[in-house]
Amino acid sequence: MAQMKFLCDAERCIECNGCVTACKNANETDWGIQRRRVVTLDDGKPSEVSISVACMHCDDAPCMAVCPTDCFYKTDDGIVLHDKDICIGCGYCLYACPFGAPQFPKEEAFGERGKMDKCTFCAGGPAETKEEEYEKYGANRIAEGKLPLCAEMCSTKALLAGDAQTISDIFRERVVYRGHEDGGWSSVEKAQMSGPDVSGNLDEMAYDATRATREG
Amino acid sequence: MHTLMQCLWRLRMVGVVLLLAVLAASLAPPSSAAEPDEEIGQAVGTVDADTWRQVKSGENFVDSRYDSTYNLINPSGETWRQIRNEWISPAGLIAIGGMLAILIIFYLIVGRNDLDHERTGRKILRWTVFERSLHWTVATLFIALSLTGLNLLYGKFVFRHIFGDVFWANMIMGSKLIHNYAGPVFGILLIVILAKWLKVNLPKKHDWEWFKQGGGMVGDKHPDAGFANAGEKAWFWILASVGLLVVISGLVLDFPIFGQTRDNMQWANMFHGVTSLILMTVALGHIYIGTLGTEGALEGMATGYVDETWAKQHHNLWYEEVKDNAGQPQQSDPPVGDDTATAHRPN
Ligand code: HEM
Ligand code: SF4
Ligand code: SF4
């Protein structure tokens, strides 16, 4: 079975926010809800880097683990979806998620949250009819054999979506082409400066959500 | 005819623009498109280990999402998850389950604390109508909050499997609504009840003796006690400390509109979980002592009056001061203003 993942190639992302717009358009999310966002580090400086992020459809998803209603489930494709009929808008998934994926329409009294909304990997969600599904969760492009619209629309192909194996192959190919010695997680200059044994640090560089005690 | 002319004219204009573009391109410096090295030189800034550290540290970033101050990767959520799911949740089960087990074993071995002597039939006013209503309102809210709170923490392991999705959806939504709305009311009434009963719960010297004798379980005499014995005072001060922490952390969670950050909410949740589980555990003891554990105690909180014998046995110092008032229960309470009621609890 496929394991669906997003991968954003930070060397390519140009902060055009095309993915954000594509997502908003494909899923017609509620007012104020923006499932995808682009984070830019050191904005305006030479070291500026941008990365597009939404739900990462974690293998061991923290949102799923803390939800008091147990409304999350994982599809066979490894996509993390949730049932809005069961969600109570408690916000726990937001407290747990490292990527700020869950969002809430602000419509109820006293700031009480509405039903949680997050990226579905354009895979819709549980509903009786197609219309209801679209209304609640947005597009189900996966059912139509298509990939998430954000990645499809990415002008520089920085944002990749699809089976983890396939997209990491694509990324690996780019890395080989760019000549990164340490798996592409650091720059060419850096890699050349510090010699070939930087690869020992790969583990340090990769973010591992299950390693709870890492300060940060 | 007219439109055709316009079309042709436009085509000519397009041609001029294209020509200009080609000219401009040939005049420009040679393109570097085919040179990988140069391309990298123009690429996005350095993405290295420091970049990923910065991603987690939440420094120096902007986010394209409206209103968002959420950095790219925020690992504190995982820490919160571990603490809540792996520590607080099991510890709460152990505490509450352990307390229940202790109480059951205690009841089976030691049994009820009966009255040592016959009742005299003469009654003493202990709780006014106002106090009883207050107590039972707070108690009802407390139990409602406990059950709905426990459902939020443990319900998913049980009820969804038993009752199915639709029932579960309504049950958990109801739990959240009750919990969110009953909480603030409980908080206000808790403060009222604490203020009302503060005076009789101030610690006295004899309270220490009471504890040393385990409330009468060590040795065979009844330790001195005023209107409130040391055990009741302990419960009072637990409510005044842990109880208020439950209320405060609960309010932080209840109204997410005062700019609380996600980290604030994680802390508030852990605080609320730990303190409320402590409170529920101790409340089990309180409920046991007030019902099954002590003959005549529930009677006091239900009718307002206690038997002379009960007062003498459990609250001897108080009894000494009010015994002259013993008699038959009044049809109605002493008039509001509580002067008479105050006279019933001079210490
Ligand atoms: C069904 C549950 C409960 C029962 C059966 C119960 C029973 C009692 C009884 C019998 C008394 C009177 C003891 C005496 O006469 O000296 C009492 C006092 C008291 N109860 Fe409860 N109670 C319950 C729940 C609660 C809850 C939930 C709270 C607060 C959250 C609470 C707070 C108090 C306080 C503060 C006192 C006064 C203790 C003192 O300072 O004298 N009770 N309860
Ligand atoms: S919502 Fe967050 S925690 Fe849940 S799967 Fe998506 S990225 Fe992971
Ligand atoms: S907001 Fe909804 S999905 Fe998120 S943890 Fe609460 S009930 Fe679950």
Does at least one position in the stretch A:116-123 carry a residue that is more than 15 Å from A:Ile33 (Cβ to Cβ), open to solvent by 40 Å² or more (accessible area, probe 1.4 Å) and not charged (D, E, K, R)? no
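Within the stretch B:267-276, is there a residue that is over 29 Å from B:Ile102 (Cα atoms) and either without any contact (Cβ under 8 Å) to a residue 24 or more places away in the chain or within 14 Å of chain A (Cβ to nearest Cβ) (or both)? Explain how you work it out, then say what you get.
Taking the stretch B:267-276 and keeping what is over 29 Å from B:Ile102 (Cα atoms), we get B:267-268.
Next cut, either without any contact (Cβ under 8 Å) to a residue 24 or more places away in the chain or within 14 Å of chain A (Cβ to nearest Cβ) (or both) only: B:267-268.
Among the residues of the stretch B:267-276, at least one is over 29 Å from B:Ile102 (Cα atoms) and either without any contact (Cβ under 8 Å) to a residue 24 or more places away in the chain or within 14 Å of chain A (Cβ to nearest Cβ) (or both), which makes the answer yes.
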Mind checking which residues of the stretch B:233-246 are crowded, with 20+ Cβ neighbours inside 10 Å and under 9 Å from the mean Cα position of the chain (by Cα)? B:Gly243, B:Val246
Residues that are open to solvent by 40 Å² or more (accessible area, probe 1.4 Å) and part of a loop (DSSP other than H, G, I, E, B), drawn from the stretch B:209-232: B:Met217, B:Val218, B:Gly219, B:Asp220, B:Lys221, B:His222, B:Asp224
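Residue check: is B:Leu150 farther than 21 Å from B:Tyr305 by Cβ and either open to solvent by 90 Å² or more (accessible area, probe 1.4 Å) or within 12 Å of ligand 1 (Cβ to nearest atom) (or both)?
On the way: farther than 21 Å from B:Tyr305 by Cβ: yes; either open to solvent by 90 Å² or more (accessible area, probe 1.4 Å) or within 12 Å of ligand 1 (Cβ to nearest atom) (or both): no.
No: the conditions fail for B:Leu150.
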(1) under 19 Å from A:Gly114 (Cβ atoms); (2) surrounded by fewer than 18 Cβ atoms within 10 Å (Cβ to Cβ) all hold for B:Asn180 apart from (2)
Need the failing condition index for A:Pro98 against (1) in the same structural domain as A:Asp9 (by TED's automatic domain parsing); (2) open to solvent by less than 40 Å² (accessible area, probe 1.4 Å); (3) in contact (Cβ under 8 Å) with a residue 12 or more places away in the chain; (4) away from ligand 2 (no atom under 15 Å from the Cβ), just the number. (4)
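Quick test for you: out of B:Phe236, B:Phe227, B:Phe211, B:Phe255, pick the one residue that is aromatic (Phe, Trp, Tyr) and within 30 Å of A:Gly89 (Cβ to Cβ). Talk me through it step by step, then tell me what you get.
Values: B:Phe236 fails: within 30 Å of A:Gly89 (Cβ to Cβ); B:Phe227 fails: within 30 Å of A:Gly89 (Cβ to Cβ); B:Phe211 fails: within 30 Å of A:Gly89 (Cβ to Cβ).
Answer to the selection: B:Phe255.
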Tally, over the stretch A:129-160, of residues that are farther than 18 Å from A:Gln34 by Cα and small (Gly, Ala, Ser): 4
Take the residues in the stretch A:71-86 that are open to solvent by less than 10 Å² (accessible area, probe 1.4 Å) and part of a loop (DSSP other than H, G, I, E, B), then tell me which one is nearest to ligand 3 (Cβ to nearest atom). A:Cys71
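Can you tell which of A:Thr120, A:Thr69 is more than 16 Å from ligand 1 (Cβ to nearest atom), more than 10 Å from every other protein chain (Cβ to nearest Cβ) and polar (S, T, N, Q)?
Values: A:Thr69 fails: more than 10 Å from every other protein chain (Cβ to nearest Cβ).
Just a single option satisfies the conditions, and that option is A:Thr120.
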Restricting the stretch A:35-66 to residues that are open to solvent by 30 Å² or more (accessible area, probe 1.4 Å) and within 7 Å of another protein chain (Cβ to nearest Cβ), which is farthest from ligand 2 (Cβ to nearest atom)? A:Pro46
Does any residue in the stretch A:22-37 that is in a helix (DSSP H, G or I) come within less than 6 Å, Cβ to Cβ, of a residue that is open to solvent by 20 Å² or more (accessible area, probe 1.4 Å) six or more places away or on a different chain, and which pairs are these? A:Ala22/A:Leu149; A:Ala22/A:Met153; A:Ala26/A:Leu149
Would the stretch B:81-99 turn up any residue that is without any contact (Cβ under 8 Å) to a residue 12 or more places away in the chain and within 16 Å of ligand 1 (Cβ to nearest atom)? no
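Looking for whichever is within 24 Å of B:Leu279 (Cβ to Cβ), more than 16 Å from ligand 2 (Cβ to nearest atom), at pLDDT 95 or above and open to solvent by 50 Å² or more (accessible area, probe 1.4 Å) here; the options are B:Val185, B:Val138. Which one fits? Full working, then the answer.
Numbers: B:Val138 fails: open to solvent by 50 Å² or more (accessible area, probe 1.4 Å).
Within the list B:Val185, B:Val138, the selection yields B:Val185.
Given the options B:His206, B:His272, name the one that is open to solvent by less than 70 Å² (accessible area, probe 1.4 Å), assigned to a helix (DSSP H, G or I) and modelled with pLDDT under 95.
Numbers: B:His272 fails: modelled with pLDDT under 95.
Criteria check complete, one pass: B:His206.
The values are calculated or read from the model by the stated rules, or taken from the named source; none is laboratory data. Predicted, not measured: the structure shown is a model, and the values here were computed from it. Here Cβ is always computed from backbone atoms with ideal geometry, including for glycine, and neighbour counts include all displayed protein chains. Ligands, DNA and RNA are stripped out before the accessible areas are found, and what is left, the full protein with its side chains, is counted by its heavy atoms. Shrake-Rupley method; radii C 1.70, N 1.55, O 1.52, S 1.80 Å.
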